[in-house]
DNA sequence: CACTAATACGTGTCTATACATTTAATATCA
DNA sequence: TGATATTAAATGTATAGACACGTATTAGTG
C-alpha cells in the first residue's frame, strides 16, 4: 500500500497540513476496515464494541446513557440507539434508576463480558498486524495526536 | 480538551498501541466534526467535498465512477450514490461513455468549481485553527501515518 | 407553591458506511 | 460463434453519524 499518494492515486498535496487531513481520514478508514474484519463474526460494530468496553471499565457499577455518550469516541453518535442494539443482543441490561427516573442505569451482562473475553485475543493480534510501527513510534504518534487537538 | 484520557474520561490504556487506535478514532471524529462545520453551509458532506476535489484534479478529463471509488478516502463507500447526490445539486455531470457503455463519465460543472473556490478560503483557515501542530510536527505525523499502514 | 429552566433520554429524518446482490455490457476462450 | 467470466454501475438493506426536536422528570427561582 505504501504512500498515501499511491493509495488514493493523488500526485501531490498543496501543503503538509492538507496532506495530514487526508492522511488521517484515510488511515481511519484503514483501521476501521481492519477492526470490522475482526468484529463482524461477533456481530458487533466498532462503536458497539467500544460501548461494551466502556461498560466493562465500570467494574459492575451501573452507568447512565449520557455518561456512555460522554465516553464515546464519536460524541455526535447516539448512545440511546446503540444501547438498544446491545440490549437486543442480551449483552447489556437496562435498569430504571430509582433516584432519578429520567436516567437509565446500564450494566454489561455476563454474556457481554464473555464476548469481550473472546475478542481479546483477536484484538491483541490486531495491534501487531495492523499497526506497523514500533513502540517508540507509537508513543510519538500518541503525543502528536494529543497535541494536534490542542 | 487536552489529553485523550480526559476527553473520553478513561484513566489509562492497556498499552500504547491500544491507546493509538482509540486516539486515531477520536481524532478522526474531532477533525470530521470541524470539517462538517465548514461544509454544512455549502450543503456538502465531507466525502462529497472529497469527490469534488478528485474531479477538479482531473482538469476537465472525464472520470468513471469506479475511478472515483479508487481515489476515495473511504474505499467501502459508495461512489455511485455520492455521484447521484452531486448531480442533483448540479455540481457534476454524467455522460454515457461511448467506448464502453457500462461506464459513466463524470465531470465537475462550473457550478461545482465555483463552490470549491468559495470553500478554499475557509479550508485554509481550517488547517491553522484545527491542527495545532507546527509544520515540522505535521511532516513527522505524515511520515508516521504512512509507515503505520505499511 | 407555580413557573421556568435544565437535564436525561428517546425519536425522526437524512446522509453515509458496509456489504451483498443485481443488471447490463464487454472480454475471454473453447 | 456461443457459453462463461469479468467488469461497471446501480440497488437493497442494515447500521451508524449528524442534528433537530419531543417528552418526561428534576432543579431552580420568584
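Using C-alpha pairs below 8 Å separated by at least 6 residues, the relative contact order for chain B is 19 percent. Distances between equivalent label points of residue A:93 across the copies, with each point positioned 7 Å along Cα→Cβ, amount to 6.4 nm, shortest listed first.
Sorted shortest first, the separations between the residue B:34 label point and its copies elsewhere in the assembly read 2.5 nm; each point sits 7 Å from Cα along the Cα-to-Cβ line. With both labels modelled 7 Å from their Cα along Cα-to-Cβ, the residue A:13 to residue A:147 distance reads 1.7 nm. The label point for residue B:118 and the one for residue B:33, both projected 7 Å from the Cα toward the Cβ, are 2.7 nm apart. Rounded to the nearest 10 degrees, the angle from helix B:135-149 to the longest Cα principal axis of chain B is 80 degrees.
In which sequence would B:99, A:67 go, from the one with the fewest C-beta neighbours within 10 Å to the one with the most? Can you show the working numbers first?
On the way: B:99 6, A:67 17.
Listing B:99, A:67 from fewest to most nearby Cβ atoms yields B:99, A:67.
Taking the alpha carbon gyration tensor of chain B, multiplying each eigenvalue by 5 and rooting it gives semi-axes of 34, 18, 14 Å, largest first.
Taking a quarter of the surface of the Cα convex hull of segment B:62-150 gives a mean projected area of 8.1 nm².
Rg/Rh for the protein assembly as shown to two decimals, with Rh computed the Kirkwood way over all alpha-carbon pairs.
Details: Rg = 21.1 Å, Rh = 21.1 Å.
Rg divided by Rh gives 1.00.
Where chain A is carried onto chain B by rotation, the Cβ closest to that axis, with its residue and distance in Å, is A:28, 2.
With the cut-off at under 19 Å, measuring from each backbone N in segment B:75-117 to a point 7 Å along the Cα-to-Cβ line of residue B:59 picks out B:106-110, B:113-114, B:117. In this rough spin-label picture, where each label sits 7 Å from Cα along the Cβ direction, the residue A:70-residue B:76 distance is 3.0 nm. Taking Cα atoms only, the orientation of helix B:46-56 departs from the longest principal axis of chain B by about 50 degrees. The slack between residue B:111 and residue B:40, meaning 0.36 nm per residue of separation minus the straight C-alpha distance, is 23.9 nm. When A:122, B:17 are arranged by Cβ crowding within 10 Å, least crowded first, meaning fewest neighbours, the order is A:122, B:17.
For B:6-14, what's the mean count of beta carbons from other chains sitting within 10 Å of each residue's beta carbon?
What the average comes to for B:6-14 is 3.
Which angle from 0 to 90°, rounded to the nearest 10, does the C-alpha axis of helix B:110-130 make with the longest principal axis of chain B? On a 0 to 90 degree scale, this one is about 10. Label-point spacing at residue A:75 relative to the other copies reads 3.2 nm, in ascending order, each point sitting 7 Å out from Cα along Cα→Cβ.
For the pair segment A:45-116 / segment B:42-81, the C-alpha centres are spaced 36 Å from each other.
Arranged from fewest to most other beta-carbon atoms within 10 Å of their beta carbon, B:101, B:53 become B:101, B:53.
A short reminder: the numbers here are calculations on the coordinates, not readings from a lab. Keep in mind the model is a prediction, meaning the values are calculated, not measured. All Cβ positions, even for glycine, are placed from backbone atoms using ideal geometry, and neighbour counts span all protein chains on display.
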